[in-house]
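Below you'll find the structure, written out as structure tokens, and then a few comments.
The values are calculated or read from the model by the stated rules, or taken from the named source; none is laboratory data. Keep in mind that what you see is a predicted model, and the values were worked out from it rather than measured. As a convention, Cβ positions derive from the backbone with ideal geometry for all residues, glycine included, and neighbour counts pool all protein chains shown. Protein only, heavy atoms only, side chains kept; ligands, DNA and RNA dropped before computing areas. Shrake-Rupley method; radii C 1.70, N 1.55, O 1.52, S 1.80 Å.
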Protein chains: 2
Amino acid sequence: MHALVTSLSLRDEIDLEEAALLDGLSFRRRQLRKGEELVAQHSRPTESCVVLSGVTAREVLLDDGKRQITALHIPGDFVDLHAFLLKVMDHSVVALTDCEAAYVPHRDLLRVMERSPHLGRLLWLSTVVDGAIQRAWITSAGRRSATAHFGHLICELYLRLEAVGLASEGRFEFPVPQNELADALGFSLVHVNRTLQDLRATGLVSWKGSAVSILDFDGLARMSQFDPTYLNLIRMPR
Amino acid sequence: MHALVTSLSLRDEIDLEEAALLDGLSFRRRQLRKGEELVAQHSRPTESCVVLSGVTAREVLLDDGKRQITALHIPGDFVDLHAFLLKVMDHSVVALTDCEAAYVPHRDLLRVMERSPHLGRLLWLSTVVDGAIQRAWITSAGRRSATAHFGHLICELYLRLEAVGLASEGRFEFPVPQNELADALGFSLVHVNRTLQDLRATGLVSWKGSAVSILDFDGLARMSQFDPTYLNLIRMPR
DNA sequence: CGTACGGTTGACCCTAGTCAACTATAGTGG
DNA sequence: CCACTATAGTTGACTAGGGTCAACCGTACG
């Protein structure tokens, strides 16, 4: 599980011994096609899942057929560490693109945490950062204009993808249709389309197919009231 | 810190030795008047804060003066355990009513976690449950009608308050003005008022001043698509 | 060349925001 | 006891943002 070393070391130094512990974790690898479930709602996972490639989403399906995506996950993200403590999944995790995922047994995670309380804290941290992102989403949904909401998400995705080497110079690939963006933003499909046009019109963003390009990050961040603090992409002792 | 024993034992058995560890935690007690800050944005706390009485809120202030409340906290809740890992607060925590709070030094928490990995997991769990609640809020904001959104919040508050003995028989005290509810729900003040009138008209809820009464919990839960699973108010080995 | 999927547009309507006034209630000081 | 004030709640009128429906376009792929 070397992906975990990379991902956890985004936020704190990992020493050789710790890296060896993570590298030695046993896991099972799985390929998923777009639309497949990585983790099912109401299941009681005994392993937790790390995204290796592709984009995945946490989704809640309501009785009336509506869907809300509550988080987007990119390579390196631990997608259901919660289940380790919550035991029962209150939502499902699905692949928005073809994906590769690694499943690590909970008992192995437990062993790592016993041997290294520091790694335990870093795992904890990754769930806490998820929470911080969710707070930003709540704020966007409640109090930001549609363009600011969308722009905020683009800033967030860019920094997260850049941190794992999947974005640079303002550009990244994001092969997720407007349909799914709508469920992440809480918009209708039509409104996503129109808001995106507004964003293009500002000259801050270009988005063609799956090629996203931020033409003026500072400008986009300003108009979206985006402050990257919450992502905690800073290496410091934790 | 006996409040912690009560609160952590909502979700798992706590044995005598663990209870003694928690009871022995040193802390400083503080009284707060309505409107005062428990934890300031951008601060780097060296202690984490447990609510002993009153209602508190996590709030984000935007540049344009708008405010979003991203979480409500009630007695027993650990309000900024995150800061233990995030280091820098990306939001503030304020008292919505007069409050009492206990501040526990991080180094003492660390010691407890070293002596009892199980308690460490339960502390972790409390942040993970916060995350689950935030996901429910995102879903409400994005995909539920105004009445369902509000109703969902009422169900959530009731179960959380009931779990700590502050609600029973469908009734609880919630001395939080519509103004603040608006910032929690992402509504305008006027819309809170009108949505509350709609809720009253359904006959499911009565809300007079600070006296909230759920007249038909199942009915309210049904119309709000409320499923209590996410609150994890079940005692099981974690 | 047809089909499927994703993106785009227009027309219409409803939900919810804004502004502004007004009421109710509790607390305060004369 | 009665004004006076501050806070909370309520109402009406108007408007803007965003949802819904339905059609249409563009492009990749078999």
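So what does log10 I(q)/I(0) come out to for the protein assembly as shown at q = 0.08, 0.09 Å⁻¹, using the Debye formula with one equal point on every Cα and no solvent?
For the requested q values the scattering log ratios are -0.46, -0.59.
With charges set only on the Cβ (+1 for Lys and Arg, -1 for Asp and Glu), what does the dipole of the protein assembly as shown come to about its Cα centre, in debye to the nearest 20?
In total the dipole reaches around 500 debye.
With every protein chain left in place, what is the accessible area of B:HIS191 in Å² (1.4 Å probe, nearest 10)?
80 Å²
Summarise the partner chain shielding of B:191-203 as one whole number: the mean count of Cβ atoms from other chains within 10 Å of each residue's Cβ.
Mean shielding count: 0.
Enter the angle in degrees (range 0 to 90, nearest 10) between the Cα long axis of helix B:146-163 and the first principal axis of the Cα atoms of chain B, meaning the one along which they spread out most.
On a 0 to 90 degree scale, this one is about 40.
How much length is gained on full extension from B:ALA40 to B:LEU110, taking 0.36 nm per residue of separation minus their Cα-Cα distance?
Full-extension gain reported as 23.0 nm.
So for the pair A:LEU233, A:ARG29, with labels modelled 7 Å out along Cα→Cβ, what separation do we get in nm?
2.7 nm
Determine how large the accessible area of B:GLU173 is when every protein chain is in place; take a 1.4 Å probe and give Å² rounded to the nearest 10.
110 Å²
Hey, with R₀ at 25 Å, roughly what FRET efficiency would A:THR202 and A:GLU173 work out to, going by the Cβ-Cβ distance, to 0.05?
Efficiency, from the Cβ-Cβ distance: 0.70.
Okay, helix-only estimate at 222 nm for the protein assembly as shown: each DSSP H run of n ≥ 4 adds -39500 (n - 2.57), divide by all residues, round to 500 deg cm²/dmol; what do you get?
It comes out at -13500 deg cm²/dmol, rounded to the nearest 500.
By what distance, in whole Å, do the Cα atoms of the stretch B:2-131 stretch along each of the three principal axes, largest value first?
50, 26, 24
Under a Cβ-Cβ cut-off of 10 Å, what is the net charge of the residues other than B:HIS91 that fall near it, where Lys and Arg count +1 and Asp and Glu count -1?
Value of the local net charge: -1.
Trypsin sites (Lys or Arg not before Pro) within the stretch B:32-137: which are DSSP loop residues with at most 12 other Cβ atoms inside 10 Å?
B:ARG33
What is the percent carbon and sulfur in the accessible area of the stretch A:132-231, measuring with a 1.4 Å probe over the protein chains and ignoring ligands?
50 percent
Which residues belonging to the stretch A:43-74 lose at least 50 Å² of 1.4 Å-probe accessible area when the assembly is complete, relative to their chain isolated?
Residues shielded by partner chains are A:LEU62, A:GLN68.
Distances from B:ASP227 to the same position in the other copies: list them in nm, one decimal, shortest first, using label points 7 Å from Cα along Cα→Cβ.
Computed spacing set for this position: 3.6 nm.
Ignoring ligands, DNA and RNA, what accessible area per residue does chain B give at 1.4 Å, in Å²?
Result: 39 Å² per residue.
Which residue, chosen from A:LEU181, A:LEU159, A:HIS191, occupies the Cα position most advanced towards the positive end of the dipole of the stretch A:118-223, where the dipole is computed from +1 (Lys, Arg) and -1 (Asp, Glu) charges on Cβ about the Cα centre?
Highest projection toward the positive end goes to A:HIS191.
What total accessible surface area, summed over both chains, is buried at the interface between chains A and B, computed with a 1.4 Å probe and given in Å² to the nearest 100?
4600 Å²
Rg and Dmax in Å for the stretch A:86-238, alpha carbons only: what are they?
Computed over the Cα atoms of the stretch A:86-238, radius of gyration and Dmax are 17.4, 54 Å.
With the dipole of the protein assembly as shown worked out from charges on the C-beta (+1 for Lys and Arg, -1 for Asp and Glu) around the Cα centre, which of A:VAL55, A:ALA146, A:LEU16 lies farthest toward the positive end?
Of the listed residues, the answer is A:ALA146.
What is the Cα convex hull volume of the stretch A:68-146 when expressed per residue in Å³?
About 116 Å³ per residue, rounded to a whole number.
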